[in-house]
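**Student:** Submitted below is the structure of interest, expressed as structure tokens.
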Amino acid sequence: MINPHRLNRREWLATAGVMSLAACGGVPPVIGAETKRPRVAAIITEFTHRSHAHVILENFLEPYYFNGKLTESGIDVVSLYVDQFPAERDMARDVAKQYGIKIYPTIAEALQLGGNELAVDGVLSIGEHGNYPRTDRGAIMYPRKRFFDEIVAVFRKSGRVVPLFNDKHLSFRWDWAAEMASVARELKIPFMAGSSVPLAQRRPPLEMPDQAVIEEAVSIHSGPPEVYDFHGLEVLQSMIESRRGGETGVAEIQLLEGDAVWQAAADGRWNYALAEAAMRAETGKDVGRLQDFIEPADGKQHPVHAILIKYRDGLRATVLRIGNVSTRWCFACRLAGKPEPLATSFYVGPWENRNLFKALSHAIQTHIREQKTPYPVERTLLVTGMLAAAMDSRFEQHKRIATPHLNVRHQPRDFRALREMGASWKIITEEMPQPQGINPGGPR
């Protein structure tokens, strides 16, 4: 599973000191080699090729590129809890054996390393992928709340907490998500959550002006409902939360599908020109009428849909699903008094979305070392509620859903230091074949 032409992690660490000593002779040191290494437990649904467990943990187990620098996590994954072991596709057992990681039968044992109290310095809860049922609204019932509850039970029992990362949204249920955020605040858990996409390179480069007055915004993706709507919503929030007054929450959500999407644009309920600008930022050209936009379908073709959002401060925004590629993430907005829109796309790097997780892994590692969330968990809490409301709207014949409960307020944080700015894609190129197994950088 490991490239035989590359050093494994322990061999690499053995040479890191030599490399650092040789720096004065012109050999660049590798970023991230610390003397004291935090230990983390990974609580996951499944470990299969290109699952989130794979594409996050490979950047803990092997050096990876971040902003063009070969970076070592400085963190040891010392235990795993795995909820499901799918026949023939499972990687968990092989990876655990290769890296000397013990798989425990319970979450508590994984956090306690078989003892009676918390024995790790951080926890990764990666509840994405696996065979789980759906709600009547179509949301996948991933066990993120169960994972959280069992992790917190160990914290309470041990009388101390450590940084916790929750992959993607908090739960398929708003009340559970709100409870998770409340418990994290109560216990003062450094609690990080969310999506990889906001950390991707922005092409063309775009930094939102501080305290800007944003009149309307559009985020576009091309993936399936719910699982990709989450990313589209977090892209949107990561861009607009810096507006004047900060984030004050959402008043109303509606999800439309098919012809109703275009009728809503014609009625002035969302800004068609902004969607054109966002697509132009990604493709570098006009794509023609969006109603006629078609891409080759490798699998199931999802109908166009739009999530229309009315914020409590009056801002209008739309998450639009159009096309059929897994790597489309683009954004546009209009500022007050500015005739031209601001627009950008989020470039994920080669190997489809796999390389998105280098920057996310780097952010998680920073979170664990600094014991501080790099951006507000309230962003993900709000998106969790927005997504749940959108699924309700879809289920309830596309009606408008009032969201007085989404009065989630927060101020933005500058997270530019944790974003990929593009230097890594001069090393990992589109021509480089995607490796199998645990190999975040490909051939060195």
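**Student:** Can you tell me which residue among Arg312, Arg334, Arg316 is in contact with a Gly (Cβ under 6 Å, 6 or more places away or on another chain), outside the structural domain of Ala139 (by TED's automatic domain parsing), over 30 Å from Ala42 (Cα atoms) and touching a residue at least 40 places away in the same chain (Cβ under 8 Å)?
**Tutor:** Arg312
**Student:** Do we find a residue being assigned to a loop (DSSP other than H, G, I, E, B), in contact with a strand residue (DSSP E or B) (Cβ under 9 Å, 6 or more places away or on another chain) and not assigned by TED's automatic domain parsing to the domain that holds His231 anywhere in region 380-396?
**Tutor:** Checking region 380-396: not a single residue is assigned to a loop (DSSP other than H, G, I, E, B), in contact with a strand residue (DSSP E or B) (Cβ under 9 Å, 6 or more places away or on another chain) and not assigned by TED's automatic domain parsing to the domain that holds His231.
**Student:** Any chance you could count how many residues in region 83-104 are under 22 Å from the mean Cα position of the chain (by Cα) and surrounded by 22 or more Cβ atoms within 10 Å (Cβ to Cβ)?
**Tutor:** So the answer is 2.
**Student:** Further, regarding this structure: If the Cβ limit is 7 Å and pairs must be 6+ apart or interchain, which residue in region 389-410 that is in contact (Cβ under 8 Å) with a residue 12 or more places away in the chain and loosely packed, with under 14 Cβ neighbours inside 10 Å pairs with which residue that is polar (S, T, N, Q) and in a helix (DSSP H, G or I)?
**Tutor:** If the second residue must be polar (S, T, N, Q) and in a helix (DSSP H, G or I), the pairs left are Lys399/Ser393.
**Student:** Quick one: which residue in Phe47, Phe85 is over 17 Å from Phe357 (Cβ atoms), part of a loop (DSSP other than H, G, I, E, B) and not charged (D, E, K, R)?
**Tutor:** Phe85
**Student:** On the basis of being at pLDDT 95 or above, of a type in the set (Asp, Glu) and over 15 Å from Ile43 (Cβ atoms), does Asp83 make the cut?
**Tutor:** no
**Student:** For region 167-194, give me each residue that is touching a residue at least 60 places away in the same chain (Cβ under 8 Å) and not aliphatic (A, V, I, L, M).
**Tutor:** Selection gives Asp167, Lys168, His169, Ser171, Phe172, Arg173, Trp174, Pro190, Phe191, Gly194.
The values are calculated or read from the model by the stated rules, or taken from the named source; none is laboratory data. Note that this is a predicted model, so its numbers are computed, not measured. Methodologically, a virtual Cβ is constructed for each residue, glycine included, from the backbone with ideal geometry; neighbour enumeration extends over all protein chains shown.
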